[in-house]
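A short write-up of the structure that comes next.
Since every read-out is calculated from the coordinates, none of them should be taken as a lab result. Keep in mind it's a predicted model, so treat the numbers as computed, not measured. Backbone-built Cβ (ideal geometry, glycine too); neighbour counts: all protein chains shown.
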Amino acid sequence: MSKLLYSAAMTVLAVSLPIAALADISGTLTLASNARANLDTGATVSSGGDLLWSGTSLTPQANATAFNVPGGGGQSLYDSLTQSILAQFSALGNSQPIPGSALPVDAVVGVKTNGGNYAKLLVTANSGGSITFKFTTFGATGGGGGGGGGTPTPKVTAVENAATNIPPELPNAAVAQGALFVVKGSNLGPASLAIATAYPFTSSIGGASIKVTVGGTTVDAIMYYALAAQLAAILPSKTPTGTGTLTVTYNGQTSASAPITVVANNIGVFTLNSTGGGDAVATFNAPNPYVSPNNAPNPGEVVTLWATGLGPVTFDETNAAQQADMPNVPLKVFIGGQPANILFRGRNGCCTGVDTVYVTVPQGLSGCSNSVIMQIGNEISNSTSIPIATSGRACTPINGSTLPGSGPVSAGGITLQRYIQTTPTIGTFPGSTTKMDLATGSFVKITPGATPQQGSQLDVASYGSCIVSVQTSGSGNTGSSGTTQFLDAGASIGMAAPFGNRTLAKSTQSGTIFYQATLDNTATTLTAGTYTFTGPGGADVGPFTATYTMPQPLTWTNEASITTVNRAAGVTVTWSGGDPAGYVQITGSSTAYGATAADTASVTFICTARDSDGSFFVPPIVLLQLPATAPAPGSNIFIPGSLGISGTGGFAGFQASGINAGAIISIFLTYGTATYQ
């Protein structure tokens with residue numbers, strides 16, 4: 001038990017440091033073929049960056065997204081785009097390449113950078129394989145002046161549940177009485193971590209303290225740790241509920257008041273990566289108690305989930321908790337979309353402010369990423385997941401991937417893809433529809449890192465599950481510490497298709513190697529039938545010939561009827577076609593727009609169903625985590641959220657020297673828009 005409690009405590013301790021904001025940057029860049037632009041610094045770079053120009057297309061890199069700004073282009077449109085307008089238009093962004101044909105002179109492009117900032121581009125030249133554009137990158141404004149005697153004044157930027165990290169602008173961001181919470185900002189505490197190591201905890205640590213005022217009553221938070229960028233504390237159970245204010249005092253300097261909303265109950269589940277998303281901190285009664293893809297529980301077994309925010313208690317919260325069930329709290333737990341039987345919910349005696357919930361894994365679940373969502377009344381937790389094995393201890397991924405071992409794995413993949421995206425008319429900006437059929441391929445060698453991959457990194461959401469994620473300024477992927485090396489499979493890959501022969505041309509860009517053929521800009525070329533792929537062999541991968549039977553394309557049958565989504569009622573999505581043995585994913589997103597990138601947050605859900613189901617109901621417990629569609633402060637422009645569907649199937653394997661396995665699949669993606677109410 002001691003190791004378990006230590007692990008839980010260290011999870012609570014994890015600190016996510018905010019990324020410093022940048023000032024506005026403007027300039028002009030010219031990108032030659034295979035050159036990159038870092039819009040956060042305003043420079044061309046040899047690796048990384050936000051945009052990669054291949055000579056024929058502009059592709060967002062890593063977490064960056066981009067989009068053609070509707071409205072015809074030109075200097076006047078470029079000049080009219082403010083940071084607030086770009087924040088709203090960012091809902092149109094994605095990671096798909098923008099073809100050169102969509103980037104003529106005077107084209108205007110919007111970008112959300114890897115640093116979480118918004119940028120606008122105006123193309124001034126595009127010829128001879130190079131592109132030139134003017135740009136402005138808007139940075140969040142600085143703040144926080146110095147205090148008396150040269151001591152900096154603390155600045156509070158966010159108050160969040162310590163497990164969820166859900167930003168204040170989202171619906172489920174309130175802090176519960178008795179919960180462990182974090183305050184983020186700058187100059188909040190010492191440069192080195194100061195942490196409570198013995199009971200009783202006190203109202204000050206490392207020179208930092210927190211006061212919360214609600215309804216005229218002020219309470220001192222019970223401090224857990226302090227750092228310059230983040231504080232953690234327990235909100236005393238005696239704190240009144242309602243909207244109030246919070247201040248931080250450090251070394252005699254007190255911050256401006258920051259808003260806080262206090263509720264009786266709002267549980268958050270701790271996650272392994274400490275972000276509030278991904279795999280939950282979960283244990284069960286086994287020789288190795290820690291739940292992981294290679295040590296997963298079976299249906300019918302009891303799992304312990306670690307959380308905070310279950311509700312107020314009456315004992316002294318400066319000391320270790322009195323462990324007891326709290327049956328009067330109307331907690332609901334859903335695993336894989338199914339209600340789970342709750343055996344215990346209450347504080348854990350290990351700590352103060354930390355809850356444990358014992359649940360029985362529902363029958364019929366499997367896969368490496370089964371959603372875990374909790375609900376108390378109208379308050380909904382963050383969305384996490386756990387792996388579940390039908391038998392034994394290793395989960396089986398829905399997407400056909402392989403659980404990681406101790407050594408490197410080399411694999412190849414070829415994808416036939418149909419992509420359709422519709423953007424709406426927004427104000428005076430006309431809507432548009434992008435259509436494209438593609439054939440792509442890549443070959444990689446993956447070497448596992450010291451940190452094992454989580455089930456949510458290995459697999460898509462399991463059948464019946466919906467995973468909800470939050471993206472804020474500066475937030476990025478929380479991948480494993482492994483490395484990926486791209487492999488050379490030859491000068492090109494040949495494709496014999498029902499509509500004729502095509503070639504997947506090789507593209508090498510800063511250490512990456514991809515093969516691609518753009519089949520059309522109408523999404524009409526791909527058709528069911530037999531496809532044969534021929535690789536001549538290259539420096540890393542030997543020759544191969546692989547045959548693939550593509551199923552009927554998937555069609556979203558009720559897209560036209562879904563223009564508005566009532567989050568409290570749920571929404572049903574229907575489809576036809578696709579691979580009966582494949583899977584379908586339903587995805588949607590909505591954004592809470594602030595005046596700057598720093599206070600803008602986007603929420604996305606992804607649900608998985610069997611293709612043969614023909615329909616899927618996205619429940620309110622998922623949709624109520626999304627913000628309602630609304631304009632940014634000071635704007636009257638409404639930008640709808642997104643709603644889409646993708647079908648994956650027709651799996652076929654192939655072999656070649658230099659790789660452990662290869663696979664061919666087809667993916668049909670259709671993205672539309674929806675207003676979330």
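Structure data summary
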item: Antiparallel bridge percentage (DSSP; both residues within the range 548-677; nearest 5); result: 95 percent
item: At R0 = 25 Å, FRET efficiency that the Cβ-Cβ distance of Thr217 and Gln322 yields, to 0.05; result: 0.50
item: Eligible aspartates and glutamates near Lys506 by straight Cα distance, threshold 20 Å, same-chain separation 8 or greater; result: Asp437, Asp488, Asp520, Asp540
item: Rounded, prolate or oblate (a/c below 1.5 giving rounded, otherwise prolate when a/b exceeds b/c) for the range 549-633 by Cα gyration tensor; result: prolate
item: Reachable lysines, given that their alpha-carbon falls under 22 Å from the alpha-carbon of Lys155 and they are not under 8 places away in the same chain; result: Lys184, Lys211
item: Label-point gap, in nm, between Phe651 and Thr132 - each point 7 angstrom along Cα→Cβ; result: 5.1 nm
item: Val105/Ala43 FRET efficiency (R0 25 Å; Cβ-Cβ; nearest 0.05); result: 0.60
item: Amide H contacts of Thr673 (H built 1.01 Å from N, under 5 Å, at least 5 apart or other chain); result: Leu643
item: Per-pair calculated FRET efficiency, R0 = 35 Å: Asp24 and Ser257 via Cβ, rounded to 0.05; result: 0.80
item: Cut-off under 5 Å, modelled amide H: who pairs with Val45 long-range; result: Arg36, Ala37, Asn38
item: With Cα atoms, 0 to 90° folded angle of helix 2-13 axis to the chain main axis; result: 80 degrees
item: Cα→Cβ-extended label distance, 7 Å offset, between Asn501 and Ser612, nm; result: 3.9 nm
item: DSSP beta bridges in the chain [antiparallel fraction, %, rounded to 5]; result: 90 percent
item: Table column - 3J(HN,Hα) (Hz), the range 491-506, Karplus curve with 6.51, -1.76, 1.60, x for Gly and Pro; result: 5, 6, 10, x, 9, 9, 10, x, 9, x, 8, 9, 10, 8, 6, 7
item: Matching label, percent of Cα pairs over 50 Å apart computed from the structure shown, candidates [x] 20; [y] 30; [z] 12; result: [z]
item: Residue-averaged 222 nm ellipticity for the chain, from DSSP H runs of 4+ at -39500 (n - 2.57), nearest 500; result: -1000 deg cm²/dmol
item: Residue-count net charge about Ile420 - beta-carbon cut-off 11 Å; Lys, Arg +1, Asp, Glu -1; result: 0
item: Extension reserve of the Ser192-Asn558 stretch, reckoned as 0.36 nm per residue once the Cα distance is removed; result: 126.2 nm
item: From phi via Karplus (6.51, -1.76, 1.60), per-residue ³J(HN,Hα) for the range 442-449 in Hz, x at Gly/Pro; result: 7, 9, 9, 10, 10, 9, x, x
item: Local electrostatic count, Thr157, Cβ distance below 13 Å [Lys/Arg +1, Asp/Glu -1]; result: -1
item: Within-9-Å neighbourhood charge of Val248 [Cβ basis; K, R +1; D, E -1]; result: +2
item: Reach of Lys120 by Cα under 21 Å, taken over lysines that are not fewer than 8 positions away in the same chain; result: Lys112, Lys134
item: Contour minus Cα-Cα distance for Thr425 and Gln75 (0.36 nm per residue); result: 124.0 nm
